[in-house]
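K.L.:
The following block contains the structure, expressed as structure tokens.
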Amino acid sequence: MIGRTPCRAFGARAARLGAIPAILLVWGGCAPIVFDERADGLGVTLEVDDVFMVTLPHSRSEAGFERFEPEVRGRAIRFLERGIDDDGAREWFRFVAAQAGEAEIYTLKVEGDDRRLVRDYSLNVKVRLREW
């Protein structure tokens, strides 16, 4: 997990405007909050309007493995977009903490000869009101 930066409050506003403002924030020293496979199954606390990413090894890099778009249970989190890093090694999923409450993010994958669905990754998120 990579930590927060002081300018995270601007992330949600940039997310609503599109990729260019988000890129400018990163170039300006504002990195997003990022969780990777080490956060699988953990619980985290964020603030309303935090934009964050989940990054996982690219599913097509493993034979017979396909990851589905993430599911969100609860209204506190909203899924924004999915992408692949330039080198193709990792998939990323971008979210925004939309309102105070709790939510679970999880991904499913198809596995085995019988092509059963199994949970691949989960993250429990508690969203609180921003403290100014």
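The values are calculated or read from the model by the stated rules, or taken from the named source; none is laboratory data. In this text the structure is predicted, and so the values were computed from the model without any measurement. Positions of Cβ are generated from backbone atoms using ideal geometry, with glycine treated the same way; all protein chains shown enter the neighbour counts.
K.L.:
Name the pairs: first residue in the stretch 31-47 and under 13 Å from Arg94 (Cα atoms), second residue of a type in the set (Ser, Thr, Tyr), Cβ to Cβ under 7 Å, at least 6 apart or on different chains?
P.N.:
Pairs found: Ala31/Thr5; Val34/Thr55; Asp36/Thr55.
K.L.:
Turning to a different aspect of this structure: Report, by residue number, each residue of the stretch 115-130 that is out of contact with any Lys or Arg (no Cβ under 9 Å at 6 or more places or on another chain) and among the aliphatic types (A, V, I, L, M).
P.N.:
Residues satisfying the conditions are Leu123, Val125, Val127, Leu129.
K.L.:
Filtering the stretch 100-132 down to residues that are in contact (Cβ under 8 Å) with a residue 12 or more places away in the chain and β-branched (Val, Ile, Thr), which residue is nearest to Glu66 (Cα to Cα)?
P.N.:
Out of the qualifying residues, it is Val110.
Residue by residue, here is whether (1) of a type in the set (Lys, Arg); (2) farther than 15 Å from Tyr106 by Cα; (3) in contact with a strand residue (DSSP E or B) (Cβ under 7 Å, 6 or more places away or on another chain); (4) modelled with pLDDT of 95 or more holds:
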| position | (1), (2), (3), (4) |
| --- | --- |
| Gly3 | no, yes, no, no |
| Arg8 | yes, yes, yes, no |
| Ala15 | no, yes, yes, no |
| Leu24 | no, yes, no, no |
| Trp27 | no, yes, no, no |
| Phe52 | no, no, yes, yes |
| Ser61 | no, yes, no, no |
| Phe65 | no, yes, yes, no |
| Ala76 | no, no, yes, yes |
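K.L.:
Starting from residues that are within 14 Å of the chain's Cα centre (by Cα) and of a type in the set (Lys, Arg), keep the ones in the stretch 74-125 and report whichever is farthest from Phe52 (Cα to Cα).
P.N.:
Arg90
K.L.:
Considering only residues that are in a strand (DSSP E or B) and either surrounded by fewer than 13 Cβ atoms within 10 Å (Cβ to Cβ) or in contact (Cβ under 8 Å) with a residue 12 or more places away in the chain (or both), which ones fall in the stretch 82-99?
P.N.:
Hits for the stretch 82-99 are Arg82, Ile84, Arg90, Glu91, Trp92, Phe93, Arg94, Phe95, Val96, Ala97.
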